[in-house]
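Asks: Let me begin by handing over the structure; questions about it come next.
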């Protein structure tokens with residue numbers, strides 16, 4: 001009697017595709033080494049947090065990735081969904097945005113005397129095809145593109161929950177709404193990766209909860225991956241798929257929220273001895 005073949009079911013793990021790979025980034029300002037051979041990876045569909053004490057180099061890292069500073073050494077490589085990988089070192093900030101990475105800033109940088117809609121339209125301008133000549137002579141194609149610009153910008157406001165403020169001056173918005181408007185303006189560029197620099201700074205608990213929900217919604221519904229710098233550990237631990245920890249310009253740890261919370265090096269450098277309290 002022949003034996004029946006054994007049916008082995010192999011569990012296939014989901015292959016994670018990297019959309020941002022930062023390799024050995026170093027940034028020097030004179031004799032100061034602000035970033036020291038830092039590595040970081042963001043995969044498609046992830047929410048990744050970058051944390052560390054004040055002065056650890058987190059915003060400098062964002063500035064190197066988004067073209068504000070050219071790094072002293074190292075590589076910044078992007079792989080937009082459906083496209084080939086590209087090294088973006090040395091590109092200007094507007095060129096990085098056109099490649100599909102958008103960011104917000106720690107300090108709000110809205111155009112306060114412009115309307116909410118106009119602020120989003122400014123973000124959308126990088127996707128327009130009309131040039132200077134078209135703006136002067138205004139052919140039908142340019143008029144139609146401008147109409148589409150308004151429509152697309154308004155749709156972003158609807159998604160972010162700011163449509164009621166469409167004609168308000170940005171300076172007149174409540175603080176939490178101003179933060180959301182910055183995110184809306186970044187989203188208007190059609191990014192595949194959104195970099196948020198302390199998006200919850202200055203927010204009250206209710207605004208922070210709404211921000212938490214918004215970030216997850218953006219990832220799940222708009223299919224935009226997220227890389228954020230944040231000091232609100234409750235927000236970081238509830239949101240993140242992966243966390244990188246910096247101190248003095250170096251990466252000292254990476255892992256899941258649970259791994260980071262229990263990492264003794266992180267607890268000593270940043271979270272504090274009462275991190276589990």
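Asks: Which residue, 32, 117, 181, has the most motion in a Gaussian network model of the chain that connects Cα atoms within less than 10 Å?
Replies: Highest fluctuation of the listed residues: 32.
Asks: Which value does Rg/Rh take for the stretch 159-277 over its C-alpha atoms, Rh per Kirkwood? Write out the running numbers ahead of the final one.
Replies: Numbers: Rg = 15.9 Å, Rh = 15.7 Å.
Reported Rg/Rh (Cα atoms, Kirkwood Rh): 1.01.
Asks: Let me ask you something else. Between residue 83 and residue 37, 0.36 nm times their residue separation minus their Cα-Cα distance comes to what?
Replies: Details: separation 46, 0.36 × 46 = 16.56 nm, distance 2.69 nm.
Contour length minus the Cα-Cα distance gives 13.9 nm.
Asks: Starting from 0.36 nm per residue, how many nanometres of slack lie between residue 216 and residue 201 once their C-alpha separation is accounted for?
Replies: Details: separation 15, 0.36 × 15 = 5.40 nm, distance 1.78 nm.
Taking 0.36 nm per residue and subtracting the Cα distance, the gain is 3.6 nm.
Asks: Same structure again: What residue among 222, 258, 95 shows peak mean-square fluctuation when the chain is described by a Gaussian network model with Cα springs under 10 Å?
Replies: In the Gaussian network model the winner is 258.
Asks: Considering only DSSP beta bridges with both partners in the chain, what is the antiparallel share in %, to the nearest 5?
Replies: Values: 21 of 37 bridges.
The antiparallel fraction comes to roughly 55 percent.
Asks: Report the calculated FRET efficiency for residue 16 and residue 68 (r = Cβ-Cβ distance, R0 = 25 Å), to the nearest 0.05. Provide the component values of the computation, followed by the final result.
Replies: Values: r = 28 Å, r/R0 = 1.12.
E between residue 16 and residue 68, to the nearest 0.05, is 0.35.
Asks: What is the order of 168, 198, fewest Cβ neighbours within 10 Å to most? Walk me through the numbers on the way to the answer.
Replies: Details: 168 15, 198 19.
Result, fewest neighbours first: 168, 198.
Asks: Let me ask another. Starting from the Cα of residue 125, step 7 Å toward the Cβ, then list every residue of the stretch 189-232 with an amide N under 15 Å from that point.
Replies: 189, by backbone N distance to the label point.
Asks: Please work out the FRET efficiency for the pair residue 54 and residue 168, using the Cβ-Cβ distance as r and a Förster radius of 35 Å; give the result to the nearest 0.05.
Replies: 0.55
Asks: How would 244, 61, 192, 105 line up from fewest to most surrounding beta-carbon atoms within 10 angstrom?
Replies: Working: 244 25, 61 28, 192 21, 105 17.
Ordered by Cβ neighbours within 10 Å, fewest first: 105, 192, 244, 61.
Asks: Let me ask something else. I need 262, 115 ordered by Cβ neighbour count within 10 Å, fewest first. Could the numbers behind the result be given before it?
Replies: Working: 262 13, 115 16.
Exposure proxy ranking, most exposed first: 262, 115.
Asks: Using 1/(1 + (r/R0)^6) with R0 = 41 angstrom and r between the beta carbons of residue 111 and residue 237, what's the FRET efficiency to the nearest 0.05? Could the numbers behind the result be given before it?
Replies: Numbers: r = 34 Å, r/R0 = 0.83.
That gives a FRET efficiency of 0.75.
Every read-out reported here was derived from the displayed coordinates using simple, explicitly stated rules and does not represent laboratory data. Keep in mind that this is a model prediction, so the values were computed, not measured. Positions of Cβ are backbone-derived with ideal geometry, glycine not excepted, and every protein chain shown enters the neighbour counts.
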